[in-house]
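Student: So that we are looking at the same thing, I have put the structure below in structure tokens.
The values are calculated or read from the model by the stated rules, or taken from the named source; none is laboratory data. Small disclaimer: the values here were computed from a predicted structure and weren't measured. Please note: Cβ atoms are built from the backbone with ideal geometry, for glycine as well, and neighbour counts cover all protein chains shown.
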Amino acid sequence: MTVAIGSYLELLLASDPDVGDFDEPLVRARADGAPPDRLAGLERERALALRVREILIGHRRHQAELQLLNDTAHDLAALHDLDAILQAISDRARRLLDCDVAYISLSDRDRGDSYIKAASGNISGLLRELRLPSGAGVGGMVARTGAPYSVLSYHDDKSIIHTAEIDRTVRAEKMVSLLGVPVVLGQHVIGVLLAAHREQRTFSGRDVGALSMLAAHAAVAIDNSRLLGEARSAADELRVANATIRSHAEDLERSAALHERLTRLVLDGKGVNEVVQAAAHSVGVGGVALVNRDGAVVTREGDVAAVEAADLVALDRAAREAGHTVVGDTTCAVPMITESDYLGTMILVGHTVVGDIDRRTLEATALVASLVLVTRQRVAETEAQVRGELLEDLLSPSPGRDDLLRHRASLLGVDLDARHVVVVAQVCGNGRERYHAAAAALARRGGGLATCRKDEVVLLLPGAEPGQQARVASRELSTATRPVTAGAAAVESIERVAEAYREAADCAQAMLALDRVGEGADTSELGAVGVLFGSRRDLGSFVDSVLGCLIDYDKTRGADLVRTLSAYCASGQSVSTTAQELHLHANTIAQRLSRIGQLLGGSWREPGRLLEVQIALQLLRISRPELVR
């Protein structure tokens, strides 16, 4: 078995193992006449290895896309010629989506149509400089709506406007499936970036997002090129505008420096706090703040300390409702939206009027911040999924898998041989996704595991105090939306996780029945109910918790309170009957009952407490009869 695990690890560490390579250890084992249980174990290890391979492939693909986007931002910052910029964008788009053809069209406001300015992968001379009537073709659809659009089969799609010239060019290029995204500058669509396959292929949400990010880089690069051209023309035409030209050059240098700094931050794996610091350092006219998706101000940099949080939240609300950048006299708010998912808002508060450069700087920074947040969110989702799958396997024990489960846990930094607690939290109603996210965060911080089921969240957390862990879980999960009731049980060994889960689930249900909604506890804290419903009943501890103070009092004072209490309960709480049974005066019984009340508390005669006392007396009569005779 060890050799097989090593073989699969070696395959996963290989540069590019084929799926068929994962069959070899199993084939060798069958050829060696391995027993069925070993073959079954190898089958499970193969399935796990293939799953890890898929996750690694996804991470590598995503890392390659990020690298390509970062390289694009760096390269575009170094280019000034518009034709070179557009050709570089087309080449990068073709590489980014691994498509056959990529091209970019620009809007011609004077003529009211658009034309293809740069292309990569084209095989005919018809594509370059092709004029596109307004609204025609995929590009026209995107330019008109300002939203991404894709077709699986161009010639069969009736929702787009076809023209003879466009259809002839599409046939000449043998294009079948197309995807177009708008190149937006400010509030205007200045062009369309398109990718095409020469066979039917669908475009994923990741394709749309990646091409949209590249289109955003293209918009900034095109605008920077335009600004540089204007600056050079002004220098040639009006020498007296040197101050203005110098200001533009400084702004461009600041944008290029910001692009380079943001690229380095992404490559170094920094978080949004560092991105906000870079933005505040670059704008230089005030400060920058970040409001998260919940409307909370999470980061401030620069001169925004004096700005009220309510004012920042109001700017966030305006940008969120508008769905695009909102610019005021001295403020600028950029909503961070990726694939229709709102991530937050980046806000600039300046001392002077916010200019276009500062707005574009903030937009570029917000784009990078969105990229960082989405990347970390996907990594966290993947880790939460892996942790949840491991806990589900622990909750469904199968002989012979303990070593494999320990190995999987060690990869996540979890020591299954240490003391753990199972917590079951009831999360009926709406808002399950927020509960699940809170549970995953709690497990990740505590070095444990979490999984989510229909009406409950299950956690496996390090520790030896079930009640305390249940209260922590209840408190943290309750912040997600509504009060959460949590039960807990100690895990004695890896094989007893499922048993501890059942005890914790029973504990949570008992708490709901006892109207202890929003609390956390283990069965030992539920009194008689815990004794009846706990899967590992500690009757001695229960008796000590109820009657221990009386037993100790009798032992140290030579009194007879336990026997008196037993007789009193057996007589139906009659003082006179108790006195006759014990051959004592009624006043003596009354004095002893008063002392019992002082030790047990004034509420011991209430129905719930009295039931616990009677149960404890019965258990004591069985286990230690000499104390009650």
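Student: For the condition on the phi < 0 side of the Ramachandran plot, assigned by TED's automatic domain parsing to the domain that holds L362 and at pLDDT 85 or above, what is the one hit in V298, V291? It would help to see each step written out before you state the result.
Tutor: Numbers: V298 fails: at pLDDT 85 or above.
After ruling out the rest, the residue left standing is V291.
Student: May I ask you to list the residues in region 144-172 that are hydroxyl-bearing (S, T, Y), more than 17 Å from A196 (Cα to Cα) and not in a helix (DSSP H, G or I)? Let's see the steps before the verdict.
Tutor: Initial filter on region 144-172 (hydroxyl-bearing (S, T, Y)): 145, 149-150, 153-154, 159, 163, 169.
Okay, now just the ones that are also more than 17 Å from A196 (Cα to Cα), so 145, 159, 163.
Scanning region 144-172 gives S159, T163.
Student: Out of region 112-123, which residues are in a loop (DSSP other than H, G, I, E, B) and closer than 16 Å to A195 by Cα?
Tutor: Within region 112-123, the first condition is being in a loop (DSSP other than H, G, I, E, B), and the residues that meet it are 112, 121-123.
Matches in region 112-123: G121, N122, I123.
Student: Check off (1) assigned to a helix (DSSP H, G or I); (2) modelled with pLDDT under 80; (3) not assigned by TED's automatic domain parsing to the domain that holds V298 for P399 and give me the number that stays unchecked.
Tutor: Unmet for P399, out of (1) assigned to a helix (DSSP H, G or I); (2) modelled with pLDDT under 80; (3) not assigned by TED's automatic domain parsing to the domain that holds V298: (1).
Student: Can you confirm whether I551 is closer than 20 Å to L526 by Cα, among the β-branched types (V, I, T) and surrounded by fewer than 19 Cβ atoms within 10 Å (Cβ to Cβ)? Before the answer, list the steps.
Tutor: Numbers: closer than 20 Å to L526 by Cα: no; among the β-branched types (V, I, T): yes; surrounded by fewer than 19 Cβ atoms within 10 Å (Cβ to Cβ): yes.
No, not satisfied.
Student: Out of curiosity, is L127 surrounded by 15 or more Cβ atoms within 10 Å (Cβ to Cβ) and in a loop (DSSP other than H, G, I, E, B)? First the steps, then the outcome.
Tutor: Details: surrounded by 15 or more Cβ atoms within 10 Å (Cβ to Cβ): yes; in a loop (DSSP other than H, G, I, E, B): yes.
When the stated conditions are applied, L127 passes them.
Student: Conditions first: (1) modelled with pLDDT of 90 or more; (2) over 39 Å from the mean Cα position of the chain (by Cα); (3) under 20 Å from R226 (Cβ atoms). K117 passes all but one, so which condition is the exception?
Tutor: (1)
Student: Hey, any hits in region 430-439 for a residue that's surrounded by 21 or more Cβ atoms within 10 Å (Cβ to Cβ), modelled with pLDDT of 80 or more and under 16 Å from the mean Cα position of the chain (by Cα)? Talk me through it step by step, then tell me what you get.
Tutor: Just the residues of region 430-439 that are surrounded by 21 or more Cβ atoms within 10 Å (Cβ to Cβ), to begin with: 435, 438-439.
Okay, now just the ones that are also modelled with pLDDT of 80 or more, so 438-439.
Going one step further and asking which of them are under 16 Å from the mean Cα position of the chain (by Cα), we end up with 438-439.
Looking through region 430-439, at least one residue is surrounded by 21 or more Cβ atoms within 10 Å (Cβ to Cβ), modelled with pLDDT of 80 or more and under 16 Å from the mean Cα position of the chain (by Cα).
Student: Can you tell me which residues in region 571-609 are closer than 20 Å to I551 by Cα, free of Cβ contacts under 8 Å to residues at least 12 places away in the same chain and hydrophobic (A, V, I, L, M, F, W, C)?
Tutor: Correct list: W604 only.
Student: Here's something else I'd like to know. Using beta carbons and a limit of 8 Å, which pairs, at least six apart or on different chains, have the first residue in region 171-197 and over 27 Å from R109 (Cα atoms) and the second one among the aromatic types (F, W, Y)?
Tutor: M175/Y154; V176/Y154; S177/Y154; S177/F203
Student: Also, I was wondering about something else. Tell me, please, whether a residue that is at pLDDT 90 or above, under 17 Å from A218 (Cα atoms) and not polar (S, T, N, Q) can be found in region 121-138.
Tutor: So far as region 121-138 goes, no, none of its residues is at pLDDT 90 or above, under 17 Å from A218 (Cα atoms) and not polar (S, T, N, Q).
Student: Suppose the filter is closer than 17 Å to L48 by Cβ, among the basic types (K, R) and over 16 Å from the mean Cα position of the chain (by Cα); does R359 pass it? Reasoning before the result, please.
Tutor: Values: closer than 17 Å to L48 by Cβ: no; among the basic types (K, R): yes; over 16 Å from the mean Cα position of the chain (by Cα): yes.
So R359 does not fit the description; no.
Student: Oh, and also: Within region 158-175, count every residue that is hydroxyl-bearing (S, T, Y) and surrounded by 17 or more Cβ atoms within 10 Å (Cβ to Cβ). Walk me through how you get there before you give the answer.
Tutor: Our first condition is that a residue be hydroxyl-bearing (S, T, Y); within region 158-175, this holds for 159, 163, 169.
Right, trim to surrounded by 17 or more Cβ atoms within 10 Å (Cβ to Cβ) and you get 169.
Adding up the residues that qualify gives 1.
Student: Would you point out which residue out of V421, V372 is modelled with pLDDT under 85, touching a helix residue (DSSP H, G or I) at 6+ places or on another chain (Cβ under 9 Å), under 30 Å from R51 (Cβ atoms) and not charged (D, E, K, R)? Explain how you work it out, then say what you get.
Tutor: Values: V421 fails: modelled with pLDDT under 85.
Result of the check over V421, V372: V372.
Student: Could you give me the residue pairs with C-beta distances under 7 Å whose first residue belongs to region 93-121 and is in the same structural domain as M141 (by TED's automatic domain parsing), whose second residue is surrounded by 23 or more Cβ atoms within 10 Å (Cβ to Cβ) and in a loop (DSSP other than H, G, I, E, B) wherever it lies, and which are 6+ apart or on separate chains?
Tutor: Short answer, once both residue conditions are applied: V101/M175.
Student: State which residue is surrounded by the fewest Cβ atoms within 10 Å (Cβ to Cβ) when the search covers only region 557-577 and only residues that are part of a loop (DSSP other than H, G, I, E, B) and over 60 Å from the mean Cα position of the chain (by Cα).
Tutor: First, pick out the residues of region 557-577 that are part of a loop (DSSP other than H, G, I, E, B): 558-560, 571-574.
Now drop any that are not over 60 Å from the mean Cα position of the chain (by Cα), which leaves 558-560, 571, 574.
Values: G558: 7, A559: 15, D560: 16, S571: 17, S574: 15.
The selected residue is G558.
Student: Give region 312-365 a look and list any residue that's surrounded by fewer than 18 Cβ atoms within 10 Å (Cβ to Cβ) and assigned to a loop (DSSP other than H, G, I, E, B), or say none.
Tutor: G323, H324, G328, D329, T330, E339, S340, H351, T352, V353, G355
Student: Okay, moving on. Does L599 satisfy the condition of being surrounded by 13 or more Cβ atoms within 10 Å (Cβ to Cβ), within 55 Å of the chain's Cα centre (by Cα) and closer than 15 Å to L561 by Cβ?
Tutor: Numbers: surrounded by 13 or more Cβ atoms within 10 Å (Cβ to Cβ): yes; within 55 Å of the chain's Cα centre (by Cα): yes; closer than 15 Å to L561 by Cβ: yes.
So L599 fits the description; yes.
A quick yes/no check of all residues on (1) within 20 Å of the chain's Cα centre (by Cα); (2) in a helix (DSSP H, G or I); (3) over 15 Å from S396 (Cα atoms):
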residue	(1), (2), (3)
G467	no, yes, yes
R475	yes, yes, yes
R482	yes, no, yes
A490	no, no, yes
E495	no, yes, no
A500	no, yes, no
A504	no, yes, yes
Q509	no, yes, yes
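Student: Exactly one condition in (1) at pLDDT below 70; (2) part of a helix (DSSP H, G or I); (3) out of contact with any Phe, Trp or Tyr (no Cβ under 8 Å at 6 or more places or on another chain) is not met by R537; state its number.
Tutor: Status for R537: all satisfied but (2).
Student: Restricting attention to region 590-622, report how many residues are more than 21 Å from T556 (Cβ to Cβ) and either in a helix (DSSP H, G or I) or not acidic (D, E) (or both). So that I can check it myself, show each step before the final result.
Tutor: Just the residues of region 590-622 that are more than 21 Å from T556 (Cβ to Cβ), to begin with: 590, 602-603, 605-612, 614-615, 618-619, 621-622.
Checking which are either in a helix (DSSP H, G or I) or not acidic (D, E) (or both) leaves us with 590, 602-603, 605, 607-612, 614-615, 618-619, 621-622.
Counting residues in region 590-622 that are more than 21 Å from T556 (Cβ to Cβ) and either in a helix (DSSP H, G or I) or not acidic (D, E) (or both) gives 16.
Student: Inspect all residues belonging to region 74-87 and state whether any of them is outside the structural domain of V192 (by TED's automatic domain parsing), under 35 Å from the mean Cα position of the chain (by Cα) and modelled with pLDDT of 75 or more.
Tutor: Within region 74-87, not a single residue is outside the structural domain of V192 (by TED's automatic domain parsing), under 35 Å from the mean Cα position of the chain (by Cα) and modelled with pLDDT of 75 or more.
Student: Return the pairs, sorted by first residue and then second, in which the second residue is aromatic (F, W, Y) and surrounded by fewer than 19 Cβ atoms within 10 Å (Cβ to Cβ), the first residue lies in region 127-142 and is farther than 19 Å from H188 by Cβ, the beta carbons are less than 8 Å apart, and the residues are 6+ apart or on different chains.
Tutor: Correct list of pairs: E129/Y115; L130/Y115; R131/Y115.
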